[in-house]
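Sharing a structure here in structure tokens format.
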Amino acid sequence: MKYVIIGNSVAATGAIRSIRNQDDKGSITVLSRENRIAYGRPLISYLLGGTITEKKMAYLPEDFYAKNSVDLRLSAEVVAVDSKKKQVKLSSNETIAFDKLLIATGGDPFVPPIEGLQGKKKIFTFTTWDDAAKLKELAYDIKRVVVIGGGLIGLKAAEGLYQIDKKVTIIELADRILSAAFDRTAGRIVAKKMKANGIDVITEDTVVKIEGEGAEITGVTLKSGDFIPCDTVIVAIGVRPAASFLSGSGIEVNRGVVVDDRMETSVKGIFAAGDVAEAADFFTKSKNPMPIWPDAYIQGDVAGAAMAGSEKGYAGGLAMNSIELFKVPTISMGITNPQDEKKFEILTYLDQEKYQYRKVVLQGKIVVGAVLVGAVDRAGIFAGLIREKVDVTPFKGQLLATDFGFAQLTKEIRSTLFAPQGKVA
């Protein structure tokens with residue numbers, strides 16, 4: 001059996017391990033357009049800020065690929081997939097045959113058309129190790145930075161730049177930062193912490209023009225008419241599934257590569273996992289891309305099992321975001337901003353002085369979402385309660401306590417959530 005995996009991040013890791021659990025003889029080839037071994041993408045801001053070294057970026061043992069008999073090919077960009085011939089084509093024109101194929105290419109940064117953007121030399125995105133390395137290399141020549149986008153990527157870029165003593169302004173179109181993952185209260189707490197550390201945050205506005213002469217940047221003009229001086233711009237609006245190379249392959253692509261609960265695409269024998277995939281949501285079962293690190297591993301594990309002839313099944317993606325900024329940890333999971341609040345019960349606790357906030361969203365007797373700011377040690381328990389649809393009535397009054405944990409759970413619930421046969425990832 002010839003297994004080919006396009007992409008070399010966490011979804012690929014899950015697939016490799018899953019394949020090798022069942023098939024120790026088939027060949028596995030991993031094709032990565034990057035020239036790095038698998039690394040922790042959430043760590044790139046720490047690399048930029050100098051709080052970790054390059055040696056700390058890898059999350060796999062040095063012998064992982066050799067032990068699993070994986071042919072890892074770096075700087076190998078796939079430009080086309082021929083589903084009928086079962087071949088992938090590289091930018092070098094080389095073709096590689098496969099019996100089973102996994103598409104795990106992740107996401108590409110989205111850069112909107114902004115007046116003045118073309119031809120400027122200090123405009124960057126911030127999703128890869130190379131992005132962080134370029135910024136670090138040019139750090140001596142950077143004084144003031146505008147970050148377009150106040151989501152997870154933009155905030156981590158801002159923190160990394162702050163750590164190397166750059167003046168940073170974040171521009172966010174929504175009424176708060178972290179608008180997609182967190183509610184207003186959590187977003188405002190994080191903004192307060194960032195402002196306390198000297199990072200300017202402008203909301204309900206956007207960049208309409210990048211100003212400057214030739215390749216140099218002098219600042220940006222906002223929709224409001226305000227001018228923000230800067231010499232560097234980071235575009236951190238978000239990512240899109242990296243699937244453009246699948247044009248003409250016959251593989252169904254909507255917002256992402258459409259997959260079933262085995263992570264198989266519309267073409268038999270071809271699978272997709274991670275940020276590139278459009279898979280079922282845990283609650284609604286509707287399909288959408290979900291760029292979540294733990295979920296990508298789970299999808300890769302499910303895909304690998306199916307590729308090797310086994311069945312695991314995918315329970316659906318649970319939206320979960322985690323970010324720590326200036327030593328204030330935050331986690332959101334599940335439904336955090338319900339559209340019809342009449343169908344939900346919302347419990348909250350807030351201590352602004354300590355940068356602590358807890359929000360629990362209930363639907364009937366079941367927890368369906370949570371936001372934790374400042375005290376997140378037991379976040380895994382909330383994820384378990386959501387996934388296992390546990391009736392929380394016996395301890396509902398303790399859900400907001402910062403020391404809520406094992407002690408409040410019955411023996412039966414602890415067994416469900418944390419016994420080896422449990423489903424918590």
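Any read-out appearing in this document is the output of simple, stated calculations on the displayed coordinates, not a laboratory observation. Note that this is a predicted model, so its numbers are computed, not measured. Positions of Cβ are backbone-derived with ideal geometry, glycine not excepted, and every protein chain shown enters the neighbour counts.
As a check on your grasp of the helix formula, calculate [θ] at 222 nm for the chain: sum -39500 (n - 2.57) over DSSP H runs of n ≥ 4, divide by the residue count, round to the nearest 500.
Values: 9 runs with 88 residues, N = 425.
Computed ellipticity for the chain at 222 nm equals -6000 deg cm²/dmol.
Then there's this: Whole angstrom only: what separates the Cα centroid of the stretch 5-26 from the Cα centroid of the stretch 362-376?
33 Å
Under 24 Å Cα-Cα from Lys287, which lysines qualify once same-chain neighbours fewer than 8 residues away are excluded?
List returned: Lys100, Lys268, Lys312, Lys343, Lys389, Lys423.
So if I place +1 on the C-beta of Lys and Arg and -1 on the C-beta of Asp and Glu, and nothing else carries charge, what would the dipole magnitude of the stretch 269-315 be about its Cα centre? I want it in debye, nearest 20. If you can, show how the numbers build up before the last one.
Numbers: 3 positive and 6 negative charges, 22 e Å.
Its charge dipole is roughly 100 debye.
List the GluC sites (Glu not before Pro) within the stretch 18-99 that DSSP assigns to loop and that have no more than 15 neighbouring Cβ atoms inside 10 Å. Show your work: numbers first, answer last.
Values: sites: Glu34, Glu54, Glu62, Glu77, Glu94; in loops: Glu34, Glu62, Glu77, Glu94.
Loop-located and lightly packed - Glu62, Glu77, Glu94.
Let me know the charge dipole size of the chain about its Cα centre in debye, to the nearest 20, where only the beta-carbon of Lys, Arg (+1) and Asp, Glu (-1) is charged. Present the calculation step by step, with values, prior to reporting the outcome.
On the way: 55 positive and 51 negative charges, 121 e Å.
The calculation lands at about 580 debye.
Quick one: how many lysine pairs does the stretch 123-237 have with C-alpha atoms less than 20 Å apart and a gap of 8 or more or different chains? Give me the count, please.
25
With springs only between Cα atoms under 10 Å apart, run a GNM on the chain and tell me which of Ala277, Ala379, Ala12 wobbles the most.
Ala379
Okay, moving on. So what is the relative contact order for the stretch 123-237, in percent, with contacts set as C-alpha pairs under 8 Å and at least six apart?
Details: 217 pairs, mean separation 38.3, N = 115.
33 percent.
Let me ask something else about it. Kindly provide the GluC sites (Glu not before Pro) of the stretch 303-374 that DSSP labels as loop, not H, G, I, E or B, and whose Cβ sees at most 13 other Cβ atoms within 10 Å. Can you show the working numbers first?
Numbers: sites: Glu311, Glu324, Glu341, Glu345, Glu353; in loops: Glu311.
In loop regions of the stretch 303-374 (DSSP not H, G, I, E or B), the sparsely surrounded GluC sites (Glu not before Pro) are Glu311.
Can you pull out the trypsin sites (Lys or Arg not before Pro) in the stretch 251-330 that DSSP calls coil and that have at most 11 other Cβ atoms within 10 Å? Can you show the working numbers first?
Numbers: sites: Arg255, Arg262, Lys268, Lys285, Lys287, Lys312, Lys327; in loops: Arg255, Arg262, Lys268, Lys285, Lys312, Lys327.
Passing sites in the stretch 251-330 are Lys268, Lys285, Lys327.
Determine which aspartates and glutamates satisfy two conditions relative to Lys67: a Cα distance under 20 Å, and not lying fewer than 8 residues away in the same chain.
Asp23, Asp24, Asp301
Here's a follow-up. How big is the stretch 123-237 by Rg and Dmax over its Cα atoms, in Å?
13.4, 42
What base-10 log of the normalised intensity I(q)/I(0) is obtained for the stretch 8-121 from the Debye formula, alpha carbons as equal point scatterers, at q = 0.15, 0.16, 0.22 Å⁻¹?
Here the Debye-derived log intensity ratios amount to -0.82, -0.91, -1.31.
Now, a different point. Positive end of the dipole of the chain, charges at C-beta (+1 Lys, Arg; -1 Asp, Glu), about the Cα centre: which of Leu246, Phe283, Gly150 has its Cα farthest in that direction?
In the chain, that residue is Phe283.
Counting pairs of alpha carbon atoms under 8 Å apart in space and at least six apart in sequence, what relative contact order in percent does the chain give? Please list the in-between numbers first.
Values: 920 pairs, mean separation 63.1, N = 425.
Relative contact order, the chain: 15 percent.
Taking the chain as a Gaussian network, Cα atoms linked when under 10 Å apart, which of Ser332, Ser322, Ser310 shows the biggest mean-square fluctuation?
Between Ser332, Ser322, Ser310, it is Ser310 that shows the largest mean-square fluctuation.
Kindly provide log₁₀ I(q)/I(0) values, in the same order as q = 0.11, 0.12 Å⁻¹, from the Debye equation applied to equal alpha-carbon scatterers of the chain.
-0.92, -1.08
Pull out a ≥ b ≥ c, the square roots of the eigenvalues of the alpha-carbon gyration tensor of the stretch 291-354, then state rounded if a/c is under 1.5, prolate if not and a/b is larger than b/c, and oblate in the remaining case.
Oblate is the answer for the stretch 291-354, as a/c is 1.5 or above yet b/c matches or exceeds a/b.
Magnitude of the Cβ-charge dipole of the stretch 1-43, K/R +1 and D/E -1, about the Cα centre, nearest 20 debye?
Numbers: 7 positive and 3 negative charges, 14 e Å.
The dipole of the stretch 1-43 has a size of about 60 debye.
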